[in-house]
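S.K.: This is the structure, below, for whatever I ask next.
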Amino acid sequence: MQIRFKTRKLEKQYANHKEAEKAYGRDVARKFIDRVNIIKATKDIETLQTLPVLRCHPLIGNRKGQWSINLSGFYRLIFTLEGEALEIACLEEVSKHYDQ
């Protein structure tokens, strides 16, 4: 899949491990970059859903239409899929689960 980041900040954190580590800590930063690489390497959402460690699932409520991948503990990577062939994953945010 092709990746498009919602913000320059997320793109910078992906490109520069130190930026991600400063924002999220070592473990979450490493997993953030690893998970983005996994998304890039897959051809569709069904493939992501077959990888149990990711816990890839659609969100509900006010986040309907978005997907989540587990990073570490309460941290998750939230993204949307765009296009008929699900070619673009737009990374929305890295957030603590249940944050308001």
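The values are calculated or read from the model by the stated rules, or taken from the named source; none is laboratory data. As the structure is a prediction and not an experimental result, all values here were calculated from the model. Reconstructed Cβ throughout: ideal geometry from the backbone, glycine too, with neighbour counts over all protein chains shown. Side chains are part of the model used for accessible areas, which takes the heavy atoms of the whole protein and leaves out ligands, DNA and RNA. Shrake-Rupley method; radii C 1.70, N 1.55, O 1.52, S 1.80 Å.
S.K.: Give me the residue from the stretch 1-14 that is out of contact with any Leu (no Cβ under 9 Å at 6 or more places or on another chain) and open to solvent by 40 Å² or more (accessible area, probe 1.4 Å) and, out of that set, modelled with the highest pLDDT.
M.R.: Of the stretch 1-14, the ones out of contact with any Leu (no Cβ under 9 Å at 6 or more places or on another chain) are 2, 8-9, 12-13.
Then drop every residue that is not open to solvent by 40 Å² or more (accessible area, probe 1.4 Å), which leaves 2, 8-9, 12.
Values: GLN2: 82, ARG8: 87, LYS9: 88, LYS12: 92.
This residue is LYS12.
S.K.: For the stretch 65-74, enumerate the residues that are touching a strand residue (DSSP E or B) at 6+ places or on another chain (Cβ under 8 Å) and either of a type in the set (Lys, Arg) or open to solvent by less than 70 Å² (accessible area, probe 1.4 Å) (or both).
M.R.: Within the stretch 65-74, GLY65, GLN66, TRP67, SER68, ILE69, ASN70, LEU71 meet the criteria.
S.K.: Show the residue pairs meeting these rules: Cβ distance below 6 Å; 6+ apart or different chains; first residue within the stretch 18-47 and in contact (Cβ under 8 Å) with a residue 24 or more places away in the chain; second residue part of a helix (DSSP H, G or I) and among the aromatic types (Phe, Trp, Tyr).
M.R.: VAL36/TYR14
S.K.: When you scan the stretch 32-63, how many residues do you find that are more than 15 Å from LEU81 (Cβ to Cβ), open to solvent by 80 Å² or more (accessible area, probe 1.4 Å) and among the polar types (S, T, N, Q)?
M.R.: Within the stretch 32-63, residues that are more than 15 Å from LEU81 (Cβ to Cβ), open to solvent by 80 Å² or more (accessible area, probe 1.4 Å) and among the polar types (S, T, N, Q) number 2.
S.K.: Which of the residues that make up the stretch 15-31 are within 16 Å of ASN70 (Cα to Cα), of a type outside the set (A, V, I, L, M, F, W, C) and open to solvent by less than 100 Å² (accessible area, probe 1.4 Å)?
M.R.: Once the filter is applied, which keeps residues that are within 16 Å of ASN70 (Cα to Cα), of a type outside the set (A, V, I, L, M, F, W, C) and open to solvent by less than 100 Å² (accessible area, probe 1.4 Å), the stretch 15-31 yields TYR24, GLY25, ASP27, LYS31.
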